[in-house]
Amino acid sequence: MTALFIRNASQLVTLQGNSHAPRVKEAMSELTIIENGSVWIENGIIHAVGKDEYLVAKYKGRLHEAQIIDASGKLVTPGLVDPHTHLVFAGSRESEFNMRLEGATYMEIMNGGGGIHATTIATKAATKDELFNESYERLNQFLLHGVTTVEAKSGYGMEWETELKQLEVAKELNERHVIDVIPTFMGAHAVPREYKENPEAFIDLLIKVMIPKVAQLGLAEFNDVFCEHGVFTPEQSKRILEAGKIHGLIPKIHADEIEPYQGAELAAEIGAISADHLLKASEQGMKAMAEKGVVAVLLPGTAYFLMAESANGRKMIDLGVPVALSTDCNPGSSPTVSLPFIMNLGCMKMNMTPAEVITAATINAAHAINRAKEIGSLEVGKKGDITIFNVGNYMKLQYYYGVNHTDTVVKNGKVVVR
Ligand code: NIG
Ligand code: FE
């Protein structure tokens, strides 16, 4: 059967009309909800969206051709989009979690050779199959939480072979898993231990060797850097991101996560598609981002897990910054795949409304990974990526918290979770 007919949702959140630019300010609250809403999908693409009676009349002669899902009493949204993950890694770091609970800080652990370095050792040691299987399983879990597209960064190698291995695994995951996996090169995730005394040599390697090779092989769309005190300075980050741009890689930045460091300002200056984290972003940086339309990918799960104050999402929205939300799924600072939980944190820790967090995890998240023409809203011509939640209205998704409300997931017009 090539047609799928999702019928009669108590609320169908379409978020239509913003494929050209992310939603800002009040528009982040405009979900464009259809009550008793239905969607007709054919060959993986949305063909019609509207009131059930309208669609029934439109497809009267063809109803028998379609697989029908009764969504009455349920909430239907665009498939959730996670625009920032470190999906492809090996091992886990629960011992560091324990150390942090006993008082050690994230940066202390990293500077002591743990943190990102620990995962780098494990990722280097893992075979490609092992890496694939671990990451595939994580994608299964993402799917069970209603997520249909996931960005994935490299960065647990920081030398060519392992970076390549991670990006090849991401490519294979994209081909073999129903979730779309969008690849980002993040060779600049940390300064490798062996370059500690000479970070410039490592930056040279990134700029002259790794970035051109990644681009040439078509293994990534974005280039990301951890711009942070003690990791890469804004000046170094700028050079790394400019080098990516020359090779067609779109800049992204881990900015102002632990200390204020002018990361938001840099994102605006360099024309990054997104700046992520932003816990310590300055007001000036936020304003610059608003002016340039740089998406703020906020990661309140990371703040929660590092026991830090979340980014000021409320202020960013009020200043006109387009805000998206993401898990930051990684083994150190945010070991979770639950984007709905992150959406709840968006409400509880950043004073975002239930409507705003849906926008942030769908259309604005799609903008953060340059996919808003295909996904992030339910409108004619877009992919049939749809999540059905077992709640009667969109507010309940956050209100009745800590529960996975995902009922059905449709990817490219096919039911993949039911
Ligand atoms: O987004 N900040 C740097 N990178 C990740 C953490 C990676 C790790 O700890 O393994 C982040 O928080
Ligand atoms: Fe991250």
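Listed values, structure above:
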read-out: Lys, Arg +1 and Asp, Glu -1 on Cβ, resulting dipole of region 201-256 about Cα centre, debye, nearest 20; value: 220
read-out: About the Cα centre, charge dipole magnitude for region 7-53 (Lys/Arg +1, Asp/Glu -1 at Cβ), debye; value: 140
read-out: DSSP-defined beta bridges in region 139-227 - what % are antiparallel, rounded to 5; value: 0
read-out: Residue-count net charge about residue 32 - beta-carbon cut-off 11 Å; Lys, Arg +1, Asp, Glu -1; value: -1
read-out: Spatially close lysines, pair count over region 326-418: Cα under 15 Å, gap of eight or more or interchain; value: 6
read-out: Antiparallel %, DSSP beta bridges [both residues in the chain], to 5; value: 45
read-out: Angle in degrees between helix 128-144 and the longest Cα principal axis of the chain, rounded to the nearest 10; value: 40
read-out: Dipole moment magnitude, nearest 20 debye, the chain about Cα centre, only Lys, Arg, Asp, Glu C-beta charged; value: 1100
read-out: Rounded if a/c under 1.5, otherwise prolate or oblate - region 316-383, Cα gyration tensor axes; value: oblate
read-out: 388, 203, 6 arranged by Cβ crowding within 10 Å, fewest neighbours leading; value: 203, 388, 6
read-out: Crossing angle, helix 116-125 versus the chain [Cα axis fit, 0-90 degrees, rounded to tens]; value: 80
read-out: Helix-only [θ]222 nm of the chain, DSSP H runs n ≥ 4, -39500 (n - 2.57) each, per residue, nearest 500; value: -10500 deg cm²/dmol
read-out: All Cα pairs of the chain, percent lying beyond 32 Å; value: 32
read-out: From the C-alpha gyration tensor of region 162-206, square roots of 5λ in Å; value: 29, 8, 7
read-out: Fully extended contour minus Cα-Cα distance, from residue 65 to residue 292, at 0.36 nm per residue; value: 77.0 nm
read-out: Three-way shape call for region 198-276 based on the alpha-carbon gyration tensor, with the a/c threshold at 1.5; value: oblate
read-out: Candidate lysines for bridging to residue 124, where Cα separation is under 20 Å - those fewer than 8 sequence places away on the same chain excluded; value: 153, 165, 171, 196, 213
read-out: Signed unit charges on C-beta, dipole axis of the chain, positive-most listed residue 167, 211, 41; value: 41
read-out: Cβ-based exposure ranking for 232, 341, in which fewest neighbours within 10 Å come first; value: 341, 232
read-out: Tilt relative to the chain, helix 234-246 - C-alpha long axis, 0 to 90 degrees, to 10; value: 60
read-out: Surrounding net charge for residue 195, when Lys and Arg each add one and Asp and Glu each subtract one, Cβ distance under 11 Å; value: -3
read-out: Low-density loop positions, GluC sites (Glu not before Pro), region 39-139 - DSSP coil, at most 10 other Cβ in 10 Å; value: 102
read-out: Total formal charge among the other residues, if their Cβ is under 14 angstrom from that of residue 165, Lys/Arg +1 and Asp/Glu -1; value: -3
read-out: Fewest-first sequence of 32, 184 by Cβ atoms within 10 Å of each Cβ; value: 32, 184
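Only the coordinates and a few stated rules stand behind these numbers; no lab work does. In this text, all values refer to a predicted model and were calculated from it rather than measured experimentally. Reconstructed Cβ throughout: ideal geometry from the backbone, glycine too, with neighbour counts over all protein chains shown.
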